[in-house]
Each structure stands twice: as structure tokens, then as C-alpha cells.
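Taking it in order: structure first as C-alpha cells, then the write-up.
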Amino acid sequence: LHDGRVYTFGATGILNALDASDGSVLWTRNAASDTKKKIPGWGFASSPLVVGDTVIVAVSGQLAAYDAATGAKRWFGLAEGGSYSSPQLANIDGVEQILLMSSVGVTSVAPEDGKLLWQHSWKSDTRIMQPALTADGGLLMTTGDAMGGGGMRRIAVAHGPAGWSTEERWTSAGLKPSFNDFVVHDGYVFGFDGAILACIDAKDGKRKWKGGRYGAGQLVLLRDQGVLLVLAEEGDLALVKAASDQFTELARVPAMEGKTWNHPVLVGDRLLVRNGSEMVAFRLPLAN
């Protein structure tokens, strides 16, 4: 949602710009045809990213940029590997750039023209997850494939007279998200190690704790409260303390029936959760 428009990217590669007031189509592009990409097994899954006057999507492992007002082609990035991840805007060493996770690793390009800035290789069958920046400038990435893969890695990205460089700081099997989010809070990383919640230290990747079975769940960080809001695969909703000393589940209630792999969404004090057939809204108590 940007500047009175809704940008959508569908599983078959159609990018639409819609008027947010009435849903009318302002322009449409077939990004799959434009990049000559075949539809991957689970369809294209990128969320559009608007940077300035450009809207950018990941067409599997390739970035495609269009004029946000007219839909005219702006630039196409390198076509490397496959991906179900989305382009992500980041500021590293004072330079704004777009990151994309793919089966070859993580790639960074310039927003204005798609020029390659740097790339860190860490191969995987495919990538689903998004990277994350730590407070001290590190970049966290995960294999994020359907099998949970090789876990998580922290890299350092630097910009010097000779250009950009990356360095692996650690690789850890203490946290192995597959397609569910991980979050960074107070120097620690929280997420799923298979079907069980876990916490690792962002400095060295060492596991602090592992506990609580939630299946292929999803989570949201309530940063001000220091709490993880966890939606379990079987429909339970749990509050877990976002602390490194031990696993502490503060509360757990049944939210819905049936399996859900969908991500919960917070809108003000409303929490929206859904499975394949219904959506449920909860009102969260506000902190005093």
C-alpha cells in the first residue's frame, strides 16, 4: 500500500497497480513474461516493494523494477537461482540497497538501476525466508528451505576503497526456520527450530534455550512488551517471553480450529489470524 495505490503480485507473475479507494486497475504487467521466467512449483510468492517512484518484485531469483506510476519497465536484475523470498530494503554502511535471498545466497543491488553491489554465497534448494539486520550492523540469513536446511548464518558486510566485501562470522544449527519468521530482540534471535521454539545469541549463534511445541507455527514480536505472539499450526495462540534466560510461556488459548500456516497480523490493538476457510480477530489488551 503506497501513495493511494495497492500493488499486488500474483502466483502466475501478474503485477497490478490498483486504486486503493475502489480497487480499479490502473496498470498491469506480466513480470513472468517480461523476464522470461517459468512459474515455479509453488508459484511466484514475492511481495512488491516500493522504493521512491519504483515498484520492485522478485520473479523467482530475479528482481524486476517498474515505474510505480505507469508500469513502464525500469530495470531487470541478475537472474540467479530460485526464490520464494521478497525484495527487502536495507541501509548498510550508510548505503540504501535491496536484498534478495535466493538459492545461491543473498544478493544486494542498487535501487536506482539494479546494479550488483555484493553477493554472499550460501547455496540452498530454494529460499523462503527474509534476512534481518542486527543492531550492531550484522546481517542474519537462513537457508529457509522446506526441510529446515542448514540453519542460520551471520555475516558482516563492509564497504571500503576496494568495494564491498562480506565475511562469515558464524553458522549455527541451533535455529533452523523453514518458512516461518525469526525475530531479533535485545541481541538474541527467536524463531522455530523445526516445530519447537528456540533462542540463539546473535553474537555467536549459540543456543540459549529450546522449548514449546507449536508445529509449523508463526510468530510476531511485541517489542515494547518483550513478548512473542505465537500462532501454532493447530490454531492455538500463545504468548512467550522474549528473554534469553529460559523458555517461558505466559499464556495459551485456542484461537481457531483446523491447521493454519498463515502469518498473524497486528493492526493497532487488533490481532487477525486465519486458516484456509476463516479469519478470526482478537482485541489485545493495551499495556498501561
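The values are calculated or read from the model by the stated rules, or taken from the named source; none is laboratory data. The shown structure was predicted, so the numbers you read here are calculated from the model rather than taken from an experiment. Because the Cβ atoms are built from the backbone with ideal geometry, glycine has one as well, and the counts that use them run over all protein chains shown. Areas reflect the complete protein model, heavy atoms only, side chains present, ligands, DNA and RNA absent. Shrake-Rupley method; radii C 1.70, N 1.55, O 1.52, S 1.80 Å.
Prolate is the label for the range 27-80, because a/c, from the alpha-carbon gyration tensor with a ≥ b ≥ c as root eigenvalues, is 1.5 or above and a/b exceeds b/c.
Rounded if a/c is under 1.5, else prolate if a/b is larger than b/c, else oblate: which is the chain, with a ≥ b ≥ c the root eigenvalues of its Cα gyration tensor? Verdict is oblate for the chain.
Per atom type, the range 211-288 shows carbon and sulfur on 52% of its accessible surface, probed at 1.4 Å. Looking at the square roots a ≥ b ≥ c of the eigenvalues of the Cα gyration tensor of the range 1-97, which shape do they give, rounded for a/c under 1.5, prolate if a/b is larger than b/c, or oblate? The shape class here is oblate.
In this Cβ point-charge picture (+1 for Lys and Arg, -1 for Asp and Glu), the chain has a dipole of about 580 debye about its Cα centre.
Relative contact order for the chain: 7 percent, from Cα pairs under 8 Å spaced at least 6 residues apart, divided by residue count.
Note on the chain: Lys pairs 8 or more places apart or on different chains, Cα atoms under 18 Å apart, count 10.
Per residue, the average separation of C-alpha pairs within less than 8 Å and at least 6 apart gives the range 5-66 a relative contact order of 27 percent.
Normalised per residue, the accessible area of the chain is 48 Å², obtained with a 1.4 Å probe and no contribution from ligands, DNA or RNA. Taking the accessible area of the range 1-128, probe 1.4 Å, and keeping the other protein chains in place, the carbon and sulfur fraction comes to 50%.
A DSSP coil position with no more than 16 other Cβ atoms inside 10 Å describes the following trypsin sites (Lys or Arg not before Pro) in the range 146-237: Lys203, Lys206.
Once the Cα-Cα distance is subtracted from the 0.36 nm per residue extended length, the Asp34 to Glu167 segment shows a gain of 44.4 nm.
Our summary gives the range 133-288 a relative contact order of 12 percent, counting only alpha carbon pairs under 8 angstrom and 6 or more residues apart. Only one residue of Val55, Ser86, Gly212 has its Cα farthest out toward the positive end of the dipole of the chain, where Lys and Arg carry +1 and Asp and Glu -1 on Cβ, and that residue is Gly212. Remark: the range 1-96 carries a charge dipole of roughly 440 debye about the Cα centre, counting +1 on each Lys and Arg Cβ and -1 on each Asp and Glu Cβ.
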